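Enquirer: Provided herewith is a single structure, encoded as structure tokens, for subsequent inquiry.
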Amino acid sequence: MARLPRLVLPGCGHLVVQRGHDGRSVFADDEDRRAFVAALREAAVAQRVAIHAYALPDTEVQILATPPAEDALSRMMQSLGRRYVAAYRQRHGGRGTLWDGRYRCAPVEPGDWLLAALRLVDAAAPCSSAAHRTGGRDPLVSDPPEVWQLGNTPFEREAAYRRLLDTGVPPAQAAALREAALGGWAVGGPSFLARLGEQTARPLRPRPRGRPARPAPAPARRPG
């Protein structure tokens, strides 16, 4: 079956996942992570992509970002991947790519869904952008409108976001976000998906498994 094109919507937040090849680690230590963040900053500035959150667990990368154009996210990830792999190989040796195929992403509905994606990424690893919203400042990160709506002052927003982090993302919503990102599907409520369906012919959700049910045969007509 032909591979579907990525679903990328300019001006919409996207949950991005890039996994290590065969589940292997892509970061040996914090120096590698600093090199990755530097490469991400350069690539994001070049393509004018807003980075809202990132997390760097050992075996993958998670990013929440809003691209200004349809090809901006792809260009950013290609540039980021090439630069980081070159730096990693120069430092550690070895050959080939670190990544398990293409990056994967899901457009996320603004509002509650995007705020959930933000918390999901910030809580995914010790090395993440969480500190940017809990008292620190990260020049790579820009807050989406959902964060500004948490309070009128920086103190109010930080306190509100800390409470949200402590509460966590409901398991069903977290699973839906993760599955959508890995599958390349849109994630959000029915009205959001319906609006997107009017903008693109690409499937937004996976088709049901199995063959479609056959229509029931028409009743036989009685003679006469």
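The values are calculated or read from the model by the stated rules, or taken from the named source; none is laboratory data. Because the structure is a prediction, the values reported are computed rather than measured. Quick reminder, even Gly has a Cβ in these numbers, built from the backbone with ideal geometry, and neighbours come from all protein chains shown. The protein model used for the area step is the full one, side chains on, heavy atoms only, and it has no ligands, DNA or RNA in it. Shrake-Rupley method; radii C 1.70, N 1.55, O 1.52, S 1.80 Å.
Enquirer: Between a residue in the range 152-167 that is at positive phi and any residue that is open to solvent by 80 Å² or more (accessible area, probe 1.4 Å), which pairs come within a Cβ distance under 7 Å, given they are 6 or more apart or on different chains?
Expert: From residues that are at positive phi, there are no pairs.
Enquirer: Test Leu9 against the stated conditions and say whether it is part of a helix (DSSP H, G or I) and open to solvent by less than 70 Å² (accessible area, probe 1.4 Å).
Expert: No; evaluated as a whole, the condition is false for this residue.
Enquirer: Condition first: closer than 20 Å to Asp29 by Cβ, open to solvent by less than 30 Å² (accessible area, probe 1.4 Å), touching a His at 6+ places or on another chain (Cβ under 7 Å) and in contact (Cβ under 8 Å) with a residue 12 or more places away in the chain. Can you find one or more residues in the range 77-98 that meet it?
Expert: Yes; the residues of the range 77-98 include at least one that is closer than 20 Å to Asp29 by Cβ, open to solvent by less than 30 Å² (accessible area, probe 1.4 Å), touching a His at 6+ places or on another chain (Cβ under 7 Å) and in contact (Cβ under 8 Å) with a residue 12 or more places away in the chain.
Enquirer: Residues that are more than 22 Å from Asp71 (Cβ to Cβ) and aliphatic (A, V, I, L, M): does the range 3-23 have at least one?
Expert: No; the residues of the range 3-23 include none that is more than 22 Å from Asp71 (Cβ to Cβ) and aliphatic (A, V, I, L, M).
Enquirer: Among the listed residues Gly111, Gly151, identify the single one that is in contact with a helix residue (DSSP H, G or I) (Cβ under 6 Å, 6 or more places away or on another chain), modelled with pLDDT of 90 or more and more than 29 Å from Thr59 (Cβ to Cβ).
Expert: Only one candidate passes the filter, namely Gly151.
Enquirer: Restricting to the range 138-178, count the residues that are within 19 Å of Val16 (Cβ to Cβ), part of a helix (DSSP H, G or I) and of a type in the set (Gly, Ala, Ser).
Expert: Adding up the residues that qualify gives 3.
Enquirer: Report the residue count in the range 176-189 for those that are open to solvent by 40 Å² or more (accessible area, probe 1.4 Å) and without any contact (Cβ under 8 Å) to a residue 40 or more places away in the chain.
Expert: Counting residues in the range 176-189 that are open to solvent by 40 Å² or more (accessible area, probe 1.4 Å) and without any contact (Cβ under 8 Å) to a residue 40 or more places away in the chain gives 1.
Conditions (1) in contact with a helix residue (DSSP H, G or I) (Cβ under 6 Å, 6 or more places away or on another chain); (2) closer than 21 Å to Glu179 by Cβ, marked per residue:
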| position | (1), (2) |
| --- | --- |
| Val8 | yes, yes |
| Gly20 | no, yes |
| Val37 | no, no |
| Ala50 | no, no |
| Tyr54 | no, yes |
| Pro57 | no, yes |
| Gln62 | yes, yes |
| Ala86 | no, no |
| Gly93 | no, no |
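Enquirer: For Ala44, which of the numbered conditions (1) modelled with pLDDT of 95 or more; (2) in contact with a Ser or Thr (Cβ under 8 Å, 6 or more places away or on another chain) fails to hold?
Expert: (2)
Enquirer: Checking Ala69 against (1) touching a Leu at 6+ places or on another chain (Cβ under 9 Å); (2) open to solvent by 10 Å² or more (accessible area, probe 1.4 Å); (3) within 17 Å of Cys12 (Cα to Cα); (4) among the aliphatic types (A, V, I, L, M), which test does it fail?
Expert: Result: Ala69 passes all but (1).
Enquirer: Given the conditions (1) out of contact with any Lys or Arg (no Cβ under 8 Å at 6 or more places or on another chain); (2) more than 30 Å from Leu196 (Cα to Cα); (3) of a type outside the set (Ser, Thr, Tyr), which single one is not true for Gly111?
Expert: The number of the failed condition is (2).
Enquirer: What do you reckon, is Leu196 touching a residue at least 60 places away in the same chain (Cβ under 8 Å), open to solvent by less than 30 Å² (accessible area, probe 1.4 Å) and part of a loop (DSSP other than H, G, I, E, B)?
Expert: no
Enquirer: Which one is nearest to Asp22 (Cα to Cα), of the residues in the range 38-63 that are in a strand (DSSP E or B) and among the hydrophobic types (A, V, I, L, M, F, W, C)?
Expert: If we take residues in the range 38-63 being in a strand (DSSP E or B) and among the hydrophobic types (A, V, I, L, M, F, W, C), then Val61 is nearest to Asp22 (Cα to Cα).
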